[in-house]
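Bear in mind these aren't lab numbers, they're just calculated from the coordinates by the rules spelled out. From a predicted model like this one, the values you see are computed outputs, not experimental measurements. Virtual Cβ from ideal backbone geometry, glycine too; neighbours counted across all protein chains shown.
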Amino acid sequence: MENNKMQRRYDLDWIRAIVVMSIIFYHVCDMFILSNDIIIFARSSTELIFCKYMQMFLARWHMVILFLISGMALFYSLKQRSAGSIMKTRVSKVLVPMVLGCVFLNPITSYLYGLSIGRKQSFIEQIILYFTSVSKNMEAMTTGFGPMHLWFLLYLFVFTLVCLPFFKGWAYKVRNKQNNRIIEFLTKPMMLLFICLPYPFLFWIFPFSGERNPIGYLYVFVMGFFFATDERIQRALDRDKYRYTLLSVVFLILYYYWEEACHFDTINEMYSIRGYVVKLVKLLISFSVLGISHTFIPAVKSSLLSFLNKISFQVYIVHMPIMTFMAYEIFKMDMNPYLQFVLILGMSYLMTIFICVIFNKGMDRVKGIRQRGKYS
């Protein structure tokens with residue numbers, strides 16, 4: 001890993017692309033769950049049980065593994081590029097798209113959400129409210145500005161900005177004796193669990209923002225950077241992947257049982273064995289996915305992966321207003337909720353991918369014109 005030219009981690013590319021592309025499926029499942037704890041901008045009047053179970057599973061690890069991979073990717077970038085170059089890229093590819101999404105896309109989603117819950121203001125009135133106030137929970141579930149689904153980009157930019165000065169030195173000091181002793185201990189069978197143990201406590205010590213606790217995700221982001229510093233950690237994940245999978249299955253079964261068969265006070269039960277396990281399983285599933293994908297995904301280029309890499313980030317940014325519009329219109333129709341689910345899911349994917357492809361073709365054409373102008 002210390003060579004200037006490193007082999008690309010195609011397994012990480014696949015994980016990132018699949019997780020991001022599945023976010024539409026995840027959010028459509030949210031629409032068919034009758035729970036006020038789930039933040040979504042259009043909701044069915046009928047609950048689909050399979051949507052509830054899928055959402056419970058995906059919510060355990062979806063965002064955690066994205067932050068893990070982001071931390072790992074930052075290490076690999078630092079081995080080949082300067083901190084200034086990385087930060088410049090973060091501004092252009094993370095901060096700017098987030099701001100543009102908040103300014104041009106989120107107001108549309110907020111307006112559609114307002115219609116779905118019976119707000120009486122006109123489009124102009126709701127847009128004015130969006131830009132002249134701040135939503136209480138920053139999700140725009142109340143009138144006012146909020147990052148909505150783009151909170152991941154906000155966290156990623158801030159984490160990079162805060163951590164990069166420390167990571168810069170760390171990336172070039174990973175072979176000292178003390179670090180080697182730590183690696184030797186953590187790469188023994190299942191010893192990476194020691195890194196997981198403090199994670200749930202962060203939600204108890206810093207009890208804000210719920211599942212989107214920035215301290216918890218910062219811990220995961222730093223963990224990802226640490227994992228990338230030594231190949232032995234990935235080899236340990238490869239070796240123990242089935243053990244982490246088995247442990248994840250056991251904890252998931254407990255989680256489903258607690259959710260379905262027991263009626264807990266959510267606030268009090270957060271500070272309990274149940275609350276601890278519910279948080280811990282996020283990392284265990286992520287360890288399992290990292291080990292299995294690295295073992296079985298070939299380290300070769302793929303045209304499909306190149307396509308997914310090109311559009312997945314754009315899909316993440318633009319999918320919410322498109323999906324909300326599709327749901328708003330389809331929920332008006334009197335039809336079977338399973339058919340509604342299929343239509344919303346299919347139309348959301350179709351329109352989102354179509355818009356991203358058209359956007360990329362337009363950008364490629366603009367780049368081609370600029371190149372021809374440069375050499376003419």
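Once you have a ≥ b ≥ c as the square roots of the Cα gyration tensor eigenvalues for the range 239-328, tell me rounded if a/c is under 1.5, and otherwise prolate or oblate according to whether a/b is larger than b/c.
It comes out oblate by the Cα gyration axes.
Determine, for each peptide in 208-216, 150-158, 67-75, the mean count of other beta carbons within 10 angstrom over its residues, then list the peptides with the highest first.
Ranked from most to least packed, the peptides come out as 67-75, 150-158, 208-216.
Considering the chain as a Gaussian network with a 10 Å cut-off on Cα pairs, which listed residue, A42, A327, A236, attains the greatest mean-square fluctuation?
A236
Once you measure Cβ to Cβ distances between cysteines in the chain, which Cys have no partner under 4.7 Å?
Lacking a cysteine Cβ partner under 4.7 Å: C102, C163, C196, C262, C356.
Looking at I285, Q234, G210, which one has the Cα that reaches farthest to the positive end of the dipole of the chain (charges on Cβ: Lys, Arg +1; Asp, Glu -1)?
Final value for the positive-end residue is Q234.
Any of K93/K310; K93/K241; K301/K361; K279/K301; K332/K361; K79/K361 with alpha carbons more than 24 Å apart? Name them for me.
K93/K241; K279/K301; K332/K361; K79/K361
Quickly rank 365-371, 53-59, 115-121 as a protection proxy: mean count of other C-beta atoms within 10 Å, highest first.
So the peptides 365-371, 53-59, 115-121, ranked by packing, come out 53-59, 115-121, 365-371.
Set the Förster distance to 45 Å, then compute FRET efficiency between I195 and I369 from the Cβ-Cβ distance, nearest 0.05.
So, using R0 = 45 Å, E works out to roughly 0.35.
Taking springs between alpha-carbon atoms closer than 10 angstrom, which of N360, N179, N36 fluctuates most in the Gaussian network model of the chain?
Result for the chain, Cα springs under 10 Å: N36 fluctuates most.
Amide H neighbours of V134 under 5 Å, counting only residues 5+ apart in sequence or on other chains, H built in-plane at 1.01 Å?
It is F145, by chain and number.
Given Y111, G144, L95, which one lies farthest toward the positive end of the charge dipole of the range 82-154, if we put +1 on the Cβ of every Lys and Arg and -1 on the Cβ of every Asp and Glu?
L95
Please report, in debye to the nearest 20, how large the charge dipole of the chain is about its Cα centre when each Lys and Arg carries +1 at its beta carbon and each Asp and Glu carries -1 there.
1940
Kindly identify the chain as rounded, prolate or oblate by the Cα gyration tensor criterion: order the square roots of the eigenvalues as a ≥ b ≥ c, call it rounded if a/c is under 1.5, otherwise compare a/b with b/c, prolate if a/b is larger, else oblate.
oblate
Pick from I233, I40, I297 the residue whose mean-square fluctuation is largest in a GNM of the chain, springs joining Cα atoms under 10 Å.
With Cα springs under 10 Å in the chain, the top fluctuation among I233, I40, I297 is at I297.
Ordered by residue, what ³J(HN,Hα) values in Hz, to whole numbers, does the range 356-361 give under the Karplus form 6.51 cos²θ - 1.76 cosθ + 1.60, where θ = phi - 60° and Gly and Pro are x?
Values, residue by residue: 5, 5, 4, 4, 5, 5 Hz.
Ranked by Cβ crowding within 10 angstrom, fewest neighbours first, how are W61, W258, W204 ordered?
Fewest to most other Cβ atoms nearby, the residues stand as W204, W258, W61.
Classify the range 82-154 as rounded, prolate or oblate from the Cα gyration tensor: take a ≥ b ≥ c as the square roots of its eigenvalues, call it rounded if a/c is under 1.5, otherwise prolate when a/b beats b/c and oblate if not.
The shape class here is prolate.
Going by how many other beta carbons lie within 10 Å of each one, how would you line up T142, T160, fewest first?
Going from least to most buried by this count: T142, T160.
From the residues I182, L345, S82, which one has its Cα farthest along the dipole of the chain in the positive direction, the dipole being from +1 and -1 charges on Cβ of Lys/Arg and Asp/Glu about the Cα centre?
Ranked along the dipole, the leading option is S82.
For F206, list long-range residues whose amide hydrogen, built 1.01 Å from N in the peptide plane, is under 5 Å from its own amide hydrogen.
Under 5 Å from the amide H of F206 lies no amide H from a residue far enough along the sequence or on another chain.
Per residue, what volume in Å³ does the convex hull of the Cα atoms of the range 1-122 enclose?
Convex hull of Cα atoms, per residue: 121 Å³.
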